[in-house]
Amino acid sequence: MDEYGCTYWTSGERSQFHIASFYLAVPRNFNKGVNYIKITTFGKQADFARDYLTKGKRVAILGELMIGSYKDKETDKTVYTTEVTASRLEFAD
């Protein structure tokens, strides 16, 4: 993980499969806080995220909203998750 929160993985010796995961800060309505949305992307888009995205960089994202849940083993409570699986990243500036 780098100082801006982007995690980048590769699989295999030849690094054929790339994954990047980061949080996108999105202002709430009327400047009353910020939502942090987890973004995960693969392949060349993951390479783009690793090479060009930095804190404060405006980016447009096209992807699929993924909503899920899992049972926390320690508390036995259901934890709900929301993230975007991005198929395309572009500079917004």
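Some notes on this structure:
- Projected onto their three principal axes, the Cα atoms of segment 20-87 cover extents of 40, 35, 20 Å, largest first.
- Between Lys44 and Thr7, the simple label model (points 7 Å from Cα in the Cβ direction) yields a spacing of 2.6 nm.
- Less than 5 angstrom separates the built amide H of Gly63 from those of Ser87, all sequence-distant by 5 or more or on a different chain.
- Net charge contributed by nearby residues that have their C-beta within less than 12 Å of Lys57 (K/R +1, D/E -1): -1
- For segment 63-93 versus segment 24-47, the gap between their alpha-carbon centres in whole angstrom: 11
- Extension gain from Lys71 to Asn31, taking 0.36 nm per residue of separation minus the Cα-Cα distance: 11.1 nm
- A simple spin-label model places pseudo-atoms 7 Å from Cα toward Cβ; at Thr81 and Thr54 they are separated by 3.1 nm.
Bear in mind that the values in this text are calculations on the coordinates, not laboratory data. Note that this is a predicted model, so its numbers are computed, not measured. Cβ sites come from the backbone with ideal geometry, for glycine too, and all protein chains shown count toward neighbours.
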